[in-house]
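J.: Starting off with a structure, shown below.
The values are calculated or read from the model by the stated rules, or taken from the named source; none is laboratory data. Computed from a predicted structure; not experimentally measured. Don't worry about glycine lacking a Cβ; one is built from the backbone with ideal geometry, like all the others, and counts go over all protein chains shown.
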Amino acid sequence: MQDDCSRLVSALFFKQFLKRPFQIASIIPSSKALVERVASKMDFSQPRVIAEYGPGEGVHSREIARRMCPDSHLLLFELDRAFARDLERQFAGDRRVRVIHGDAASLPHELKRHRIDRCDYILSGIPFSILKIEKKRALLQKTYDSLARGGSFIIYQVTNELKQHATLFEHAQSEYFLQNIPPMFITVFQKTHPPDSRNRGTLQAASFSVSAHRSA
């Protein structure tokens, strides 16, 4: 059993889930164990530019902000107005964090607007499986283009179907994380080519591995 399954779901999260059950991946926020596992995929030893798609109540956002260096930047893209307002309240005193009430596809525009070159990490918990194929591929393209060379696109999803679409990325590694309700696939897609490279690799079977993670 996950270490914090007894926590109460906030009224805001439950209300927004009932309004948009297909846009919010789970009826309860990510477990503490999942949040820590996802954060462990990032290197916070130096200033970073990080974007998050669909932060919801901000459970991952808070952990990232806690670990980030003072000169780092965190851009939060939230479509739901109630969640966006709550995030603005939470991070009102943190100049490193910007809350964007809008589509994740606006990431390139926001980077340009804030005079930021590219992201080191992009995190997403939005359920890609519900997106139409055209929108899914367009968002993946913008995500790839917005990453610096060596940057990572990190997702946590109930299904692992995105791997068949994320062929822009040269390498990917996935694990099935059981310490969450429901269990989640955590996948790290890595960009290894220069930003202007036209010879982009495809995600071959040999470059994609899956493992299971259980509690000790």
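J.: Within segment 99-134, which residues are surrounded by fewer than 13 Cβ atoms within 10 Å (Cβ to Cβ), without any contact (Cβ under 8 Å) to a residue 40 or more places away in the chain and either under 15 Å from the mean Cα position of the chain (by Cα) or within 19 Å of T187 (Cβ to Cβ) (or both)?
T.: Result: I133, single match.
J.: Scanning for something farther than 17 Å from A92 by Cα, of a type in the set (S, T, Y) and crowded, with 20+ Cβ neighbours inside 10 Å, does segment 50-65 turn up at least one residue?
T.: Yes, that holds for at least one residue.
J.: Now a separate question. Scan segment 180-193 for residues that are closer than 12 Å to Y156 by Cβ and surrounded by 18 or more Cβ atoms within 10 Å (Cβ to Cβ) and report the count.
T.: Within segment 180-193, residues that are closer than 12 Å to Y156 by Cβ and surrounded by 18 or more Cβ atoms within 10 Å (Cβ to Cβ) number 6.
J.: If N160 passes every condition in (1) at pLDDT 95 or above; (2) under 16 Å from the mean Cα position of the chain (by Cα) but one, which one does it miss?
T.: (1)
J.: Answer with yes or no whether I122 is of a type in the set (A, V, I, L, M) and in contact with a helix residue (DSSP H, G or I) (Cβ under 6 Å, 6 or more places away or on another chain).
T.: Answer is yes for this residue.
J.: Further question: Residues that are exposed (fewer than 15 other Cβ atoms within 10 Å of the Cβ), among the acidic types (D, E) and over 15 Å from G125 (Cα atoms): does segment 72-87 have at least one?
T.: So far as segment 72-87 goes, no, none of its residues is exposed (fewer than 15 other Cβ atoms within 10 Å of the Cβ), among the acidic types (D, E) and over 15 Å from G125 (Cα atoms).
J.: Right, something else. Just one of the numbered conditions (1) in a helix (DSSP H, G or I); (2) charged (D, E, K, R); (3) touching a residue at least 12 places away in the same chain (Cβ under 8 Å) is not true of R149; which one?
T.: With respect to (1) in a helix (DSSP H, G or I); (2) charged (D, E, K, R); (3) touching a residue at least 12 places away in the same chain (Cβ under 8 Å), R149 is out only on (1).
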